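Colleague: Okay, handing you the structure first.
Values in this text are rule-based calculations from the coordinates and carry no lab data. Predicted, not measured: the structure shown is a model, and the values here were computed from it. Glycine gets a Cβ as well: all are built from the backbone with ideal geometry, and neighbour counts include every protein chain shown.
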Amino acid sequence: MRFLIPIVLFLFSACTQADVSITDGWARASIPGQSVGAAYMTFNSPKDSKLVYVETESAGSVEIHSMKMENGVMKMRMLEELTLKANQPEKLAPGGLHLMLFDLPKPLKAGEKVKFRLCFKDASGKITDQFVTVPVKEAD
Ligand SMILES: [Cu+2]
């Protein structure tokens, strides 16, 4: 996977500042020995947009996941993109949509912070990015 990083950086280097509001962000403290984690936040975009890419130095890769009950079993699915309708908050929360963090270089500990870079694509196909720093917390 590591060789993909320079390509991704090149693709997104033309990003400019986006104007999606990102609130209530947090990452779940991870269990020592586990290399995966999860993060949650609420997006509110003033125009139709899509979250198309997320990265952080705190994880090898980040995927957008949905979660729902299927035949009595919780199933997670990777989304290529997350659609954000204009002025309709999209809340990522435990048990539902989440950012899944893979290949954590070290456990996420409560009290630490995780900085994410998110890329959004608007209806015209223009890609913009923004950064958000969220606290690591124990799950409620
Ligand atoms: Cu997941």
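Colleague: Filter the stretch 44-71 for residues that are within 14 Å of the ligand (Cβ to nearest atom), more than 16 Å from residue 92 (Cα to Cα) and surrounded by 19 or more Cβ atoms within 10 Å (Cβ to Cβ) and give the result.
Modeller: 59
Colleague: Okay, moving on. Would you check if there is a residue in the stretch 84-91 being within 16 Å of the ligand (Cβ to nearest atom), touching a Phe, Trp or Tyr at 6+ places or on another chain (Cβ under 9 Å) and part of a loop (DSSP other than H, G, I, E, B)?
Modeller: Checked the stretch 84-91: no residue is within 16 Å of the ligand (Cβ to nearest atom), touching a Phe, Trp or Tyr at 6+ places or on another chain (Cβ under 9 Å) and part of a loop (DSSP other than H, G, I, E, B).
Colleague: Is it fair to say residue 31 is of a type outside the set (S, T, N, Q), over 17 Å from residue 139 (Cα atoms) and either within 16 Å of the ligand (Cβ to nearest atom) or buried (at least 16 other Cβ atoms within 10 Å of the Cβ) (or both)? It would help to see each step written out before you state the result.
Modeller: On the way: of a type outside the set (S, T, N, Q): yes; over 17 Å from residue 139 (Cα atoms): no; either within 16 Å of the ligand (Cβ to nearest atom) or buried (at least 16 other Cβ atoms within 10 Å of the Cβ) (or both): yes.
For residue 31, the condition - of a type outside the set (S, T, N, Q), over 17 Å from residue 139 (Cα atoms) and either within 16 Å of the ligand (Cβ to nearest atom) or buried (at least 16 other Cβ atoms within 10 Å of the Cβ) (or both) - is not met.
Colleague: Could you list, ordered by first residue, the pairs with Cβ atoms under 8 Å in which the first is in the stretch 69-90 and touching a residue at least 60 places away in the same chain (Cβ under 8 Å) and the second is outside any strand (DSSP E or B), at least 6 apart or interchain?
Modeller: Matching pairs, first to second residue: 84/20; 84/45; 84/48.
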